[in-house]
Number of protein chains: 4
Amino acid sequence: MMAEPIRDVAHLGHVELLTPKLEESRRFFLDVFGLHETDAEGGSRYLRGYGDYDRTTLKLTEAAEPGLGHVGWRAISPQALDRRVDGLERAGVGEGWIDGDIGHGPAYRFRDPDGHLMEIYYESERFRAGSEQRSYLPNQPQAFEGRGAGARRIDHLNLLCADVPRTSEFMHDVLGFRLLEEIVLDDARVAAWMSVTSQPHDIALTTDRSGACGRFHHLAYWVDNREDVLRAAELMMENDVFIECGPAKHSRTQGFYLYVYEPGGNRVEVFSGGFVVYAPDWPTVTWSTDTLGRGTAWGAEVPDSFHSYGTPPLRVAEEASIA
Amino acid sequence: MMAEPIRDVAHLGHVELLTPKLEESRRFFLDVFGLHETDAEGGSRYLRGYGDYDRTTLKLTEAAEPGLGHVGWRAISPQALDRRVDGLERAGVGEGWIDGDIGHGPAYRFRDPDGHLMEIYYESERFRAGSEQRSYLPNQPQAFEGRGAGARRIDHLNLLCADVPRTSEFMHDVLGFRLLEEIVLDDARVAAWMSVTSQPHDIALTTDRSGACGRFHHLAYWVDNREDVLRAAELMMENDVFIECGPAKHSRTQGFYLYVYEPGGNRVEVFSGGFVVYAPDWPTVTWSTDTLGRGTAWGAEVPDSFHSYGTPPLRVAEEASIA
Amino acid sequence: MMAEPIRDVAHLGHVELLTPKLEESRRFFLDVFGLHETDAEGGSRYLRGYGDYDRTTLKLTEAAEPGLGHVGWRAISPQALDRRVDGLERAGVGEGWIDGDIGHGPAYRFRDPDGHLMEIYYESERFRAGSEQRSYLPNQPQAFEGRGAGARRIDHLNLLCADVPRTSEFMHDVLGFRLLEEIVLDDARVAAWMSVTSQPHDIALTTDRSGACGRFHHLAYWVDNREDVLRAAELMMENDVFIECGPAKHSRTQGFYLYVYEPGGNRVEVFSGGFVVYAPDWPTVTWSTDTLGRGTAWGAEVPDSFHSYGTPPLRVAEEASIA
Amino acid sequence: MMAEPIRDVAHLGHVELLTPKLEESRRFFLDVFGLHETDAEGGSRYLRGYGDYDRTTLKLTEAAEPGLGHVGWRAISPQALDRRVDGLERAGVGEGWIDGDIGHGPAYRFRDPDGHLMEIYYESERFRAGSEQRSYLPNQPQAFEGRGAGARRIDHLNLLCADVPRTSEFMHDVLGFRLLEEIVLDDARVAAWMSVTSQPHDIALTTDRSGACGRFHHLAYWVDNREDVLRAAELMMENDVFIECGPAKHSRTQGFYLYVYEPGGNRVEVFSGGFVVYAPDWPTVTWSTDTLGRGTAWGAEVPDSFHSYGTPPLRVAEEASIA
């Protein structure tokens, strides 16, 4: 009998994004994307989707350049947290404990092999709606207001990696993420979709063709129906938000996507659909040269920028070198 | 530190429904509900949704009366199966092993306290699409044909129970189901929504007001969007299928529902939406007298039959006694 | 060869609703229904849907009781206006010309046989979006903001009539409305759906069982998809707006409906779908006792209030007399 | 006072498409597009959408090359037919009367200035559903079966023209089509969207860059919701039908489109949405160089083939000459 797999990470808890235009980014996420603001501290603003059970799922922090601040993963129990910290320390990637932040308790920080800063924690503060925000439905953390695209909850993120095999192995071996799908070209894994939940991906890792490390591709929030994604496109159009691609359907994950750039320069996604994986023994689906033409389900092509643009953006000299 | 909860059941694997009109039930599930048939053996037919990864998720068996045959739960690993069998034996509800059935290997059979027959197993046979059935998308078990309501995958079931507290405690204590929502009237739990996945319920238990034991309320299959539920209603209407209620939105689970009776008399549901629960420490939401008016989210009332009709149906004498 | 039918009325131009709670009604239509305000004058506010080409389609006027102010029909040409005024004068129902109102020029006023005040006009002022309101699409009168239910444009209205046959004949004979559908009970037409456009109804006339004259049943605005109606229901739920019935599908008109009461007491509808009638010789569809059970397409029943409540509401004594 | 505009054409009645692969085209339209077959005669098959009130709206005729057979317009009355025939004869484009065809009576044939064969008629045969095909709703010509993409009714067509200004003037002056939108480049109209109904176009005329005359761009059928277009894309994908572009939203017409090639080579569209025009005095919307970037609402680009491919296809020599 094979050993049982690690099942210690519950879900993606929050993401910190850096933005050189904090106020514009904030207004975009509130007015167009449809998030809510719960807290402000220093150069940071704390946001959430109306369906997030946590107090906050997005931390916006002012910085010179856009990009990823850090990724927070919630453990399923205090014991699970201890086990993962042990694993991270054994892997030699730990950076030690922080006291916590608005919305969560002590967190153990580490870097993935590509250098993205991550943390894992268990104690999380549940969002408590004020009387004005309370939903008619007691099983709903907050009333649906219908503002902007109405992003409901944090869904997944995508990180650019210089070395996808190495980072994806780390996410599997040390944190227990399952590799649901991959693209393999010339015997090398160039993209990986990994999950700890029933979602088709909690994190995607895709090759940074520039060779840079630690860059960010996109963060996605969930909406319930494909119609919500179409409606989001209408709002992006009317609000002069740059639509990079979509709405359309991915082949990998089967997600129905819309990618835009928020004012700070980070790519964000409105996402719905996708397949679910309840099978405990899902065999990795490998896409290779013969299936690559199926990049999107219905034939829409993604623009070159989708494969090259990330944050922080490359300097001109770097971009020239990969052309 | 509290002990960690049981996490050994992966998901609802399959349900066996009994029908006095096998051929009519079969035609309904194929032509109107949109399932596919994979096998036939004896008085049984084996069906599946195009998105089910398992070879079969619905077994239709000819019988004198409609109702539940049995419920099959898949374990997350061989070890998890062993642990649950130990637990069931300790609970004294075990009926022993069967060799398996089309689509799965050895299963341990037991009855919940209300008498519903269940089984748990690990070995499951993955569906292999023939060349005609293969999807353009290699991460999809079978091509979407668009036949009938296009039910995608098995979602959940609802069992009537004479004693909801007792059965729900059993499902939690022995099998590890989390109690996400409940209705409590006069200090007694009269309905329970329980889950082992991120779904708002893999099983619901509701009080059988007749006092009968072991009856069946409904089985639900998933479709991806609310529009698919509306479209299903059109098809039920045009095919003279009795629509009991919906499409509308439940308060509990937030599911978007459509309930119909299949020709054998069993209630089945086309379901979409609902909230997801990734929180490992979701506190049970208790609905009581002050929130009961919120039975459906938008005010549609469910008919009396929804609270009284189950399969097998009661005899006339029994029905009179509960009026 | 039969004479050619009258084709002089272009469409429903605007409706004036009376409300005892002007400010609350106004806030409802702006914040929840999603209309825009263009003008205020005296005790009236002028609103519009973002897709209405006219400057205003809804006039809210403060009054002691809710109900209909008047209905405005736009003629297809100045000549068509002259022809209809001739017809109205010959029919002896004219009340003479008014100078116009915000959004339109001279209008000829008249009453239908049940006493509802109507007017017909040709000159209409096109809405001119300010730079802040301008849509990315130059064929769209105003940007889609996504506020509230996002009602796009005025669609139709329903008037209660003591004598449906008489008013429907008037609408046909004098104004050229086609009778697309009717309910006939005991040889009497008790409801009529009439149109001058390709819509399944620009106006519906239904019997006022109280015997009162001149009452108002509802006014409907269009949204593009059924999903928009479902989303509107979410917003009504979260904003404590009374939902009388829906979302569901009517048999007559095939419209997908949601009926709510605005704070002033008038019933308003969010509407989508329906069949279109391009046939110039559409034969009236007659629903009678054998098809009456098909009041809604999928079986949902409308509550009694849907058949009795109108504005102004009846006094208690009147209501008792019809029970 | 200006003269009143012509209002004699009721709607697009039917289109005849030529196909070198009659049986494959037929199977596509039945199984994937979701039409129904009513008649077969000689080398032709007669089809219809379940929501078409006419007996047939699509005639498929075997031919050496794909392309347009003819376009049939229905007049609003016998008198209107007489008036238009007078106009066509005065314009010198008439080819005389034919006795009719399956589904309609005597038709007057003519060619537009670009050479496309058209006809106008009044007598039309209403579709009579057999007992098996009858809908639950008596206002619906035929039951919704849910087969394939479920195309509901014929919507519009697009013709390639060497000289768009000339053909669009003809359609306006002689047949009464309103010019709702146009693209003007270098003072020349290169595309025109024209309508006799409330639709944003019953016919579109776009410049054939090859200079060829009489070619066909596409024929569109309507579905009720954007979700239906997305669902159609799934079916096209699974049935190996070439998707040229979409689903996405046009800027012109605001239509939500999906373009595919049927097996015979003709481009066909599944269409929903769009704006409606009830205004009798809608001013033409002119798109010019500064608004041209808004070819689609959300930024998706249409491929080059969309601007060059038509049927019959050009021979290689011709194509080379326009590259």
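Condition first: in contact (Cβ under 8 Å) with a residue 40 or more places away in the chain and within 14 Å of another protein chain (Cβ to nearest Cβ). Can you find one or more residues in region D:16-27 that meet it?
no
Could you say whether any residue in region B:122-142 is surrounded by 17 or more Cβ atoms within 10 Å (Cβ to Cβ), touching a residue at least 24 places away in the same chain (Cβ under 8 Å), touching a Leu at 6+ places or on another chain (Cβ under 7 Å) and on the phi < 0 side of the Ramachandran plot?
Yes, the conditions are met somewhere in region B:122-142.
Among the residues of region C:122-133, are any at pLDDT below 95, more than 26 Å from C:Arg226 (Cα to Cα) and hydroxyl-bearing (Ser, Thr, Tyr)?
Yes, that holds for at least one residue.
Quick one: in region B:18-44, which of the residues that are under 16 Å from B:Arg147 (Cβ atoms) and assigned to a strand (DSSP E or B) is least open to solvent (accessible area, probe 1.4 Å)?
B:His36
Quick one: would you say A:Pro283 is within 11 Å of chain B (Cβ to nearest Cβ), over 24 Å from D:Ser251 (Cα atoms) and either of a type in the set (A, V, I, L, M, F, W, C) or without any contact (Cβ under 8 Å) to a residue 12 or more places away in the chain (or both)?
Considered against the rule, which asks whether it is within 11 Å of chain B (Cβ to nearest Cβ), over 24 Å from D:Ser251 (Cα atoms) and either of a type in the set (A, V, I, L, M, F, W, C) or without any contact (Cβ under 8 Å) to a residue 12 or more places away in the chain (or both), A:Pro283 comes out as yes.
Kindly indicate whether C:Phe177 is among the hydrophobic types (A, V, I, L, M, F, W, C), within 19 Å of C:Leu12 (Cβ to Cβ) and touching a strand residue (DSSP E or B) at 6+ places or on another chain (Cβ under 8 Å).
Answer is yes for this residue.
Looking at A:Asp173, A:Asp82, can you tell me which residue is modelled with pLDDT of 95 or more, more than 30 Å from C:Asp31 (Cα to Cα), more than 12 Å from every other protein chain (Cβ to nearest Cβ) and part of a helix (DSSP H, G or I)?
Of A:Asp173, A:Asp82, the one residue that is modelled with pLDDT of 95 or more, more than 30 Å from C:Asp31 (Cα to Cα), more than 12 Å from every other protein chain (Cβ to nearest Cβ) and part of a helix (DSSP H, G or I) is A:Asp173.
Those residues that are open to solvent by 20 Å² or more (accessible area, probe 1.4 Å), touching a helix residue (DSSP H, G or I) at 6+ places or on another chain (Cβ under 9 Å) and either within 14 Å of chain B (Cβ to nearest Cβ) or closer than 20 Å to A:Gly103 by Cα (or both), I need them from region A:45-76; list them, please.
A:Arg45, A:Thr61, A:Glu62
Restricting to region B:305-315, and then to whatever is assigned to a loop (DSSP other than H, G, I, E, B) and open to solvent by 30 Å² or more (accessible area, probe 1.4 Å), can you tell me which residue is farthest from C:Phe242 (Cα to Cα)?
Once the filter is applied, the top-ranked residue is B:Arg315.
Pull up region C:273-300, narrow it to residues that are open to solvent by less than 10 Å² (accessible area, probe 1.4 Å) and touching a helix residue (DSSP H, G or I) at 6+ places or on another chain (Cβ under 9 Å), then point me to the one that is farthest from C:Cys245 (Cα to Cα).
Once the filter is applied, the top-ranked residue is C:Trp287.
Please go through (1) over 28 Å from A:Ile6 (Cβ atoms); (2) surrounded by 16 or more Cβ atoms within 10 Å (Cβ to Cβ) for B:Val85 and return the number of the only condition it doesn't satisfy.
That leaves (1) as the condition not met.
Residue by residue through region B:207-249, note down the ones that are under 24 Å from B:Asp163 (Cα atoms), open to solvent by 20 Å² or more (accessible area, probe 1.4 Å) and touching a Ser or Thr at 6+ places or on another chain (Cβ under 9 Å).
B:Arg209, B:Ser210, B:Gly211
Within region D:260-304, can you find the residues that are assigned to a loop (DSSP other than H, G, I, E, B), farther than 23 Å from C:Ala151 by Cβ and within 17 Å of the chain's Cα centre (by Cα)?
D:Glu262, D:Gly264, D:Gly265, D:Asn266
Of all residues in region A:250-267 being farther than 25 Å from A:Lys59 by Cα and open to solvent by 20 Å² or more (accessible area, probe 1.4 Å), which is farthest from the other protein chains (Cβ to nearest Cβ)?
A:His250
Could you please find all residues in region C:107-121 being surrounded by fewer than 20 Cβ atoms within 10 Å (Cβ to Cβ) and within 14 Å of another protein chain (Cβ to nearest Cβ)?
none
Out of (1) open to solvent by less than 30 Å² (accessible area, probe 1.4 Å); (2) away from chain C (no Cβ under 14 Å), what's the single condition that is false for A:Arg189?
Only one criterion is unmet by A:Arg189, namely (1).
Given the conditions (1) open to solvent by 20 Å² or more (accessible area, probe 1.4 Å); (2) assigned to a strand (DSSP E or B), report the number of the one that D:Ala3 does not fulfil.
Of the numbered conditions (1) open to solvent by 20 Å² or more (accessible area, probe 1.4 Å); (2) assigned to a strand (DSSP E or B), the odd one out for D:Ala3 is (2).
Within region A:210-249, can you find the residues that are within 14 Å of chain C (Cβ to nearest Cβ), farther than 19 Å from A:Arg153 by Cα and assigned to a loop (DSSP other than H, G, I, E, B)?
Selection gives A:Asn239, A:Asp240, A:Val241, A:Phe242.
The values are calculated or read from the model by the stated rules, or taken from the named source; none is laboratory data. Remember, predicted model here, so these are calculated numbers, not experimental data. Glycine also receives a Cβ, built like all others from the backbone with ideal geometry; neighbour counts cover every protein chain displayed. The protein model used for the area step is the full one, side chains on, heavy atoms only, and it has no ligands, DNA or RNA in it. Shrake-Rupley method; radii C 1.70, N 1.55, O 1.52, S 1.80 Å.
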